[in-house]
Amino acid sequence: MEDEVLRYKGVVLRRSDLDILRNPCYVDDDIINFYFSYLSSFCCSQDILLVPPAVSCCLASDEDLKDHLEHLKLSGKKLVIFSINNCDFSCGEGGGTHWSLLAYYRDMNAFVHHDSMEGTNRWAAEKLYEAVKGSVGAASVSSASASKLSSKGRNKNKKGSAAAAKFTAAPTSAPCFIEHHTPQQLNGYDCGLYVMAIAKVICEWFENECKGKGDQWFSAIEDKVNSSVEDSMRSEILSLIQEMKNDN
């Protein structure tokens, strides 16, 4: 068996994961799961849920859907973050070539898809959205929040604008799906780094900025996520792993 490097909250990282982070390679689900677990441990709010990649895949595949949804208790969360992969959605199977992020925000009554290779994973994100949208419970959206979402959608993305307009008209209806403009990766393998960087920004925004503001995290992503994450996220996660190893 390959040497273990670190065990953290049920996630096992191995030497091959370090090699992935040290080289220009596609990030696997173990690394994303580790980073999501790390973010979860530092989020003070119990209103945030970061769903492990394997669970997101199972939800999209409709395998054991009821059991997974009951365990996640989505109706009790204000912010839920999923990683999206373009695999074949066979639960427990690997594969896939691209990661993106889907975030549900109750105050917005919407699932927002962020894809660093815009359009590539929309079908996969919509599949997960269809699987879980009925399990998040009711939401009530302020007119101010709806108005800002609609405005940002018009400025950033025509598809997002159309979804936002529909959402504004019926704020207490089922949550809508929005494909929102996202900073774009410069190569074909760093998508997972963008997912982790965007998840970090959204969690920081929720913890520090959103309270009392009828705003979304979109401007924070535009300000903080760019091509620099293709190097900085690898270094950050490697340093984090080393720190945890030293503490053990």
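Kindly indicate the residue of region 163-189 that is surrounded by fewer than 16 Cβ atoms within 10 Å (Cβ to Cβ) and part of a helix (DSSP H, G or I) and also modelled with the lowest pLDDT among those meeting that condition.
Among residues in region 163-189 that are surrounded by fewer than 16 Cβ atoms within 10 Å (Cβ to Cβ) and part of a helix (DSSP H, G or I), the one modelled with the lowest pLDDT is A169.
Being of a type in the set (S, T, Y), within 24 Å of L79 (Cα to Cα) and either modelled with pLDDT of 95 or more or touching a Cys at 6+ places or on another chain (Cβ under 8 Å) (or both), is that true of even one residue in region 3-15?
So the first thing to find is which residues in region 3-15 are of a type in the set (S, T, Y), and the list is 8.
Then keep just the ones that are within 24 Å of L79 (Cα to Cα); that gives 8.
Now drop any that are not either modelled with pLDDT of 95 or more or touching a Cys at 6+ places or on another chain (Cβ under 8 Å) (or both), which leaves 8.
Yes: one or more hits.
What's the number of the condition R15 fails, among (1) crowded, with 18+ Cβ neighbours inside 10 Å; (2) more than 15 Å from the chain's Cα centre (by Cα); (3) charged (D, E, K, R)?
Checking R15 against (1) crowded, with 18+ Cβ neighbours inside 10 Å; (2) more than 15 Å from the chain's Cα centre (by Cα); (3) charged (D, E, K, R), the one that fails is (1).
Tell me which of these K245 doesn't satisfy, since it passes every other one: (1) farther than 18 Å from A110 by Cα; (2) in a helix (DSSP H, G or I); (3) modelled with pLDDT of 95 or more.
(3)
Keeping to region 123-140, report how many residues are surrounded by fewer than 19 Cβ atoms within 10 Å (Cβ to Cβ) and among the hydroxyl-bearing types (S, T, Y).
Looking only at region 123-140, we keep the residues that are surrounded by fewer than 19 Cβ atoms within 10 Å (Cβ to Cβ), and these are 123, 126-127, 130, 133-135, 137-138, 140.
Keeping just the survivors that are among the hydroxyl-bearing types (S, T, Y) gives 135, 140.
Counting residues in region 123-140 that are surrounded by fewer than 19 Cβ atoms within 10 Å (Cβ to Cβ) and among the hydroxyl-bearing types (S, T, Y) gives 2.
Does E209 fit the bill of being at pLDDT 60 or above and either touching a Cys at 6+ places or on another chain (Cβ under 8 Å) or farther than 18 Å from F82 by Cβ (or both)?
Here the answer is yes, as E209 does meet what is asked.
Let's see how each residue does on (1) of a type outside the set (D, E); (2) touching a helix residue (DSSP H, G or I) at 6+ places or on another chain (Cβ under 8 Å); (3) modelled with pLDDT of 95 or more; (4) not in a helix (DSSP H, G or I):
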| position | (1), (2), (3), (4) |
| --- | --- |
| M117 | yes, yes, yes, yes |
| G134 | yes, no, no, no |
| K148 | yes, no, no, no |
| K152 | yes, yes, no, no |
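Going residue by residue through region 74-89, is there one that turns out to be among the aromatic types (F, W, Y), at pLDDT 95 or above and outside any helix (DSSP H, G or I)?
Scanning region 74-89 turns up at least one residue that is among the aromatic types (F, W, Y), at pLDDT 95 or above and outside any helix (DSSP H, G or I).
Looking only at region 21-38, which residues are surrounded by 18 or more Cβ atoms within 10 Å (Cβ to Cβ) and not acidic (D, E)?
L21, V27, I31, I32, N33, F34, Y35, F36, Y38
The values are calculated or read from the model by the stated rules, or taken from the named source; none is laboratory data. Keep in mind that what you see is a predicted model, and the values were worked out from it rather than measured. Positions of Cβ are generated from backbone atoms using ideal geometry, with glycine treated the same way; all protein chains shown enter the neighbour counts.
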